[in-house]
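Read-outs throughout are calculated quantities, based only on the coordinates presented, and are distinct from any laboratory measurement. All figures in this text were calculated on a predicted structure; none of them were measured in a lab. We place every Cβ from the backbone using ideal geometry, glycine too, and count neighbours over all the protein chains shown.
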Amino acid sequence: MSDHPLPREIRCVLVPVGNLRLLLPNATIAEVVTQSTPEPVANAPDWLLGRISWRGWRVPLVSFTQLAGTEAGDTDLSVRVAVLKALGGNPAMPFIAVLTQGFPRLATLNAELIIPTHDGTPLPAGVRAQVLVRDDVAMIPDLEWIETELLDLLGDADAEKETAETDESSEPTDSSD
């Protein structure tokens, strides 16, 4: 245990997704970029929109509203992507991207400003907690769970792709010339 007291305030970001916000530590956000067309992932669930290119990485793009089964809001506003630093330390996936509707908003919060609103029913997949932050309903995403799911899904998709490419390259060629 550290002798250092916990900080009284934490710098956070409220990321607009659908009709709610994701509440994340400020340090989690790597960059907010304009949405680009994602590269499809074979056999992916609807919440995994594909992979986008970002700074030389192929980053999985997640629709949090589809993952958690919440209202999508005005989808015409979904033109930005928040690139998040993955927490698991896996070199195969240092970043995860989330579709947003607008720009994240910085907030300095303390424990008194975050009010749990969970009523005891099971939380949706990928959600660690549901809270009220001032006047905003927010969800704290379960980034570890999302990362584990993505690693499983993308590992399977990459294995299928490699198998298909190997099968194509090992097909016999007509050498009767």
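What to note about this one:
- Computed packing ranks the peptides 45-52, 87-94 as 45-52, 87-94, most packed first, by mean other Cβ atoms within 10 Å.
- With neighbours defined as other Cβ atoms within 10 Å of a residue's Cβ, the residues Glu149, Glu9 order from fewest to most as Glu9, Glu149.
- Dipole magnitude for region 10-162: about 600 debye, using +1 per Lys or Arg Cβ and -1 per Asp or Glu Cβ, origin at the Cα centre.
- Taking packing as the residue-averaged number of other Cβ atoms within 10 angstrom, the listed peptides 133-146, 107-120 run from highest to lowest as 133-146, 107-120.
- Separation of the Gln35 and Ala111 label points, Cα + 7 Å toward Cβ, nm: 3.9
- Farthest toward the positive end of the dipole of region 10-162, out of Pro104, Val127, Thr65, is the Cα of Pro104, where the dipole comes from beta carbon charges about the Cα centre.
- P(r) for region 10-162, from all Cα pairs and a bin width of 5 Å, is 2, 9, 19, 23, 22, 14, 7, 3, 1, 0, 0 %, short bins first.
- Model label sites at Val79 and Ala27, defined 7 Å from Cα along the beta-carbon direction, differ in position by 3.4 nm.
- Under the Karplus curve 6.51 cos²θ - 1.76 cosθ + 1.60, θ = phi - 60°, whole-Hz ³J(HN,Hα) for region 37-46, x wherever Gly or Pro sits: 5, x, 6, x, 10, 4, 6, 7, x, 4
- As a calculated quantity, the FRET efficiency between Glu71 and Arg128 at R0 = 25 Å, using C-beta atoms, amounts to about 0.80.
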